[in-house]
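Scroll down for the structure; my scribbles are underneath it.
The values are calculated or read from the model by the stated rules, or taken from the named source; none is laboratory data. Since the model is a prediction, treat every value here as computed from it, not as a measurement. We place every Cβ from the backbone using ideal geometry, glycine too, and count neighbours over all the protein chains shown.
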Amino acid sequence: MSLRIVILFLIALAFGSSHVLNSEELPLVFEDLSSTNITEANIACTIDIHTQTGSPQPVFIRPGTSQFFHPSNRNGQIQMTANQAMELWCSGSWASPSGAPNLITATCVSGQTFRYNNVNFNFNNFRCAAWPQWTARRSTTRCFNNALLVDFGFQVATRWLQIYRVCHDLVLETNWFAHYTFTPISDANQRNVVRPSWSQAGFYTSSNVNGLYTRNTQRSTIATILGDQAAANRFVEADPSDVFMARGHIAAMTDFILATEQQATFHFLNAAPQWQGFNGGNWVSVEISSRRLAADRGINLDVYTGTWGNGQLWNTAGTRRNIFLDWPAQRIQMPRIYYKVLIHQSTLSGVVLIGVNNPHLTLNDIQTRGYIICPDVSNQINYVTWSRTNLVRGFSYACEVHEFTRIVPHIPAINNIRYRLLT
């Protein structure tokens, strides 16, 4: 019996025999094809994805599948046997080999030498004319609050290469969560990847989202909502201060391995207003620690990461108001918290890592105004390196999954399962 069948059988038992799982509730499972029967003795080619790939980089594909050709180990090395094949895809034309069709197959010769069309190439000579174009594909499935599930990936002829999935509210223009998988090589992600411009293609048709994120626009919007320019000036500081709301990734760029996958995270469906001190502080620590957890333990983790609640600021008189970037439409809300749910399906264990998204709050605000939404169990885990109670870096804590889902019902796939704490 395959691991996937076992997982779904256990989940069905947890729901009860009368509960039928629908497509929204099924975990988004990615087959891990990074492990092969390659041994050190029969390795012919080794490609270091950090130093030995061309740019713009093509999409690396395992031949005949809908799976990325990921590294063989967490050092970021793609190891292949002699004559083993890899498919390479550019959505447009090739810079090298010039004139090649969109999808080609190259075979390992030795070292970094690969053969295509009876010609030998150094692997870093395989370069697209431009970065491959990913697709945001609308599904027909609805998610929390009648929101829409949108899949991000590459359409390669008739094959779909999935990267992650987002639950996007078309009315509130809020992104509830993203869903994807960590594997034992998730911390092998390529570094120093070219960061593209953020895209709103196909969505947010009534506004220029990029413009809403500028400091001046944030300050003006907050002043209008609060009726207090002086308060707004205090909340959003001038450059180079990090006291402003950044375009915060929901699914982190570096949660994905290959540069082509990382570039697909720059869509506003995968963003929410995130205070920069938190964005570059404890939330980065959560992201790094989560990938390292999967790698250190050699396990796959189902990942659901998202936002919850509408964050507030206050005017000089102390009156608190919900904050949105798009006002008066009341869209693109400033989240109260960010969360990252990590599920180890084979042991039915999990954890939720949570960060408070507001550096202007006091500890008393956090404790008395509903920012701690479930019992804190951070003293029972040791795999997250964070300054947990640092308010500027983002007050953070951990919860058991079932305690979290009492308050946040975003994710039907985990709402009715009693996971033990992943310690």
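If you go through segment 392-417 and pick out every residue that is under 19 Å from ASP376 (Cβ atoms) and not hydroxyl-bearing (Ser, Thr, Tyr), you end up with 13. Could you check, for segment 212-225, whether at least one of its residues is under 15 Å from the mean Cα position of the chain (by Cα) and either surrounded by 14 or more Cβ atoms within 10 Å (Cβ to Cβ) or within 28 Å of ALA329 (Cα to Cα) (or both)? Among the residues of segment 212-225, not one is under 15 Å from the mean Cα position of the chain (by Cα) and either surrounded by 14 or more Cβ atoms within 10 Å (Cβ to Cβ) or within 28 Å of ALA329 (Cα to Cα) (or both), which makes the answer no.
Selection over segment 57-95 of residues that are at positive phi, surrounded by fewer than 20 Cβ atoms within 10 Å (Cβ to Cβ) and touching a helix residue (DSSP H, G or I) at 6+ places or on another chain (Cβ under 9 Å) gives a count of 0.
Under the condition of being out of contact with any Leu (no Cβ under 8 Å at 6 or more places or on another chain), at pLDDT 80 or above and of a type in the set (D, E, K, R), the residues counted in segment 17-66 number 1. Being touching a residue at least 12 places away in the same chain (Cβ under 8 Å), within 30 Å of SER241 (Cα to Cα), in contact with a Phe, Trp or Tyr (Cβ under 6 Å, 6 or more places away or on another chain) and of a type in the set (S, T, N, Q) holds for only one residue in SER387, SER349, SER396, and it is SER396.
The one condition from (1) in contact with a strand residue (DSSP E or B) (Cβ under 8 Å, 6 or more places away or on another chain); (2) buried (at least 17 other Cβ atoms within 10 Å of the Cβ) that ASP228 does not meet is (1).
Here TRP131 clears all of (1) in contact with a Ser or Thr (Cβ under 8 Å, 6 or more places away or on another chain); (2) modelled with pLDDT under 95 except the condition numbered (2).
Would you check if TRP160 is of a type in the set (Phe, Trp, Tyr), surrounded by 14 or more Cβ atoms within 10 Å (Cβ to Cβ), under 20 Å from the mean Cα position of the chain (by Cα) and not in a helix (DSSP H, G or I)? No, not satisfied. Against the conditions (1) surrounded by fewer than 23 Cβ atoms within 10 Å (Cβ to Cβ); (2) touching a residue at least 12 places away in the same chain (Cβ under 8 Å); (3) more than 11 Å from the chain's Cα centre (by Cα), MET253 satisfies every one except (3).
Residues in segment 62-84 that are within 17 Å of THR39 (Cα to Cα) and outside any loop (DSSP other than H, G, I, E, B): GLN77, ILE78, GLN79, MET80. When ALA130, ALA136, ALA82 are checked against the criterion of being out of contact with any Phe, Trp or Tyr (no Cβ under 9 Å at 6 or more places or on another chain), in contact (Cβ under 8 Å) with a residue 60 or more places away in the chain and aliphatic (A, V, I, L, M), a single residue qualifies: ALA130.
For segment 295-305, does any single residue satisfy the condition of being within 18 Å of the chain's Cα centre (by Cα) and assigned to a helix (DSSP H, G or I)? Checked segment 295-305: at least one residue is within 18 Å of the chain's Cα centre (by Cα) and assigned to a helix (DSSP H, G or I). Scanning segment 183-211 for residues that are buried (at least 22 other Cβ atoms within 10 Å of the Cβ) and closer than 26 Å to VAL408 by Cα yields a single hit, THR183.
Is it the case that PHE268 is within 18 Å of GLN67 (Cα to Cα), buried (at least 20 other Cβ atoms within 10 Å of the Cβ) and in contact with a helix residue (DSSP H, G or I) (Cβ under 8 Å, 6 or more places away or on another chain)? Steps first, answer last, please.
Values: within 18 Å of GLN67 (Cα to Cα): no; buried (at least 20 other Cβ atoms within 10 Å of the Cβ): yes; in contact with a helix residue (DSSP H, G or I) (Cβ under 8 Å, 6 or more places away or on another chain): yes.
It is false that PHE268 is within 18 Å of GLN67 (Cα to Cα), buried (at least 20 other Cβ atoms within 10 Å of the Cβ) and in contact with a helix residue (DSSP H, G or I) (Cβ under 8 Å, 6 or more places away or on another chain).
For segment 307-322, indicate whether the set of residues that are at positive phi and free of Cβ contacts under 8 Å to residues at least 24 places away in the same chain is non-empty. Scanning segment 307-322, I find at least one residue that is at positive phi and free of Cβ contacts under 8 Å to residues at least 24 places away in the same chain, so the answer is yes. Can you tell me which residue in segment 373-400 is surrounded by the fewest Cβ atoms within 10 Å (Cβ to Cβ), limited to those that are in contact with a helix residue (DSSP H, G or I) (Cβ under 6 Å, 6 or more places away or on another chain) and β-branched (Val, Ile, Thr)? Applying the filter and picking the extreme gives THR385.
The residue of segment 130-157 that is surrounded by the most Cβ atoms within 10 Å (Cβ to Cβ), among those that are of a type in the set (S, T, N, Q) and in a strand (DSSP E or B), is THR135.
In this entry, VAL109 is excluded by the filter for residues that are at pLDDT 95 or above, out of contact with any strand residue (DSSP E or B) (no Cβ under 9 Å at 6 or more places or on another chain) and not basic (Lys, Arg). Of all residues in segment 264-294, those satisfying the criterion of being aromatic (Phe, Trp, Tyr) and under 16 Å from the mean Cα position of the chain (by Cα) are PHE266, PHE268, TRP283. In segment 96-113, the residue that is surrounded by the most Cβ atoms within 10 Å (Cβ to Cβ) out of those that are in a strand (DSSP E or B) and more than 32 Å from the chain's Cα centre (by Cα) is VAL109. Cβ-Cβ contacts under 8 Å between residues 6 or more apart (or on different chains), taken from a first residue in segment 176-199 that is closer than 17 Å to ASN75 by Cα and assigned to a strand (DSSP E or B) to a second residue that is among the aliphatic types (A, V, I, L, M) and modelled with pLDDT of 95 or more, are listed as PHE182/LEU293; PHE182/ALA294; PHE182/LEU301; PHE182/VAL303; PHE182/LEU342.
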